[in-house]
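The values are calculated or read from the model by the stated rules, or taken from the named source; none is laboratory data. Here the structure is a predicted model, which is why all the values come from computation and not from measurement. Using ideal geometry, Cβ is built from the backbone for each residue, glycine included, and neighbour counts are taken over all protein chains shown.
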Amino acid sequence: MCALRVHVSHYTIGIAIKCFCHLYRTNDAFALLVFCFRRSIVPDVFIFSALLDGLILEDRILEAEIFFKKLIKRQKLCEPNVVMYSTMIKGLCKIGNNVIAIQLLRLMDERSCRPNSLQRQNDDAFKLFKQMVFQKRISPDVITYSSLIDGLCGLARWEEASKMLQEMLDVGISPNVQTFTILVDAFCKEGKVQEAEQVIGIMIKNGIVSNIVTYNTLIDGYCLRGEMSKAKTIFDSMVFRGLVPNVVS
């Protein structure tokens, strides 16, 4: 194409790089990345994802981790998407590096990187959680549990979410306001406002102060059901507890 002076786009390069990676020729794929920069072709997330996958396929996990960290630090170059995170987590689990894998799961949540296949992502997360607890003896914390509860709520797996909350309490990990707000929000979106109120009751019982977000979520839940008097009662309760209503309230 170059010899014929045919324009080479990042799309064309991306296909070639993916082919090289699938043929276990990742070094050749990286040579094409250099070609991109020399020709002022801006590589996209598809290209970087293919390169990362190529390194994982060749069991070059350490190189993949270094490459991934460079991408995270240089966000102007490429913001890793859910596919890249999942690929890197899979590679880390492959060599038993579950500590870094858990850190990446947390980083995904911090960067609001939402999975495009929620069921599969949560199943992978639970497998990782079990390895973490039972095989590696790594103690999960409130962030780990909250992330899993959020995933279960997103799949409407209420019973499992409740069990996960109880498990937190049983092992001595206190849910924080974010954990409870996840549950309140999920219940309200499903029209289960009474269950949401029960969650707030548990918060109060455990000495955890609900924030404005928690109350706004519950108020919104009642408004969606058309129960305005109930919404007003929650609003008054919020004010009584010293919380200042905001524009959302």
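The table that follows gives values for the structure above.
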| read-out | value |
| --- | --- |
| Filter result (surrounded by fewer than 14 Cβ atoms within 10 Å (Cβ to Cβ) and either part of a loop (DSSP other than H, G, I, E, B) or under 26 Å from the mean Cα position of the chain (by Cα) (or both)) within region 191-210 | GLY191, ASN206, GLY207, VAL209 |
| Condition check for SER162: farther than 20 Å from LEU105 by Cα and among the hydroxyl-bearing types (Ser, Thr, Tyr) | yes |
| LEU23 modelled with pLDDT of 85 or more, surrounded by 14 or more Cβ atoms within 10 Å (Cβ to Cβ), more than 20 Å from the chain's Cα centre (by Cα) and not assigned by TED's automatic domain parsing to the domain that holds ALA156 | no |
| Subset of region 34-53 [closer than 28 Å to ILE95 by Cβ, more than 23 Å from the chain's Cα centre (by Cα) and of a type outside the set (Val, Ile, Thr)] | PRO43 |
| Tally, over region 181-195, of residues that are among the aliphatic types (A, V, I, L, M), closer than 19 Å to LEU148 by Cβ and either at pLDDT below 80 or touching a Gly at 6+ places or on another chain (Cβ under 9 Å) (or both) | 2 |
| All positions within region 163-177 that are in a helix (DSSP H, G or I) and either of a type in the set (Phe, Trp, Tyr) or surrounded by fewer than 16 Cβ atoms within 10 Å (Cβ to Cβ) (or both) | LYS163, GLN166, GLU167, LEU169, ASP170, VAL177 |
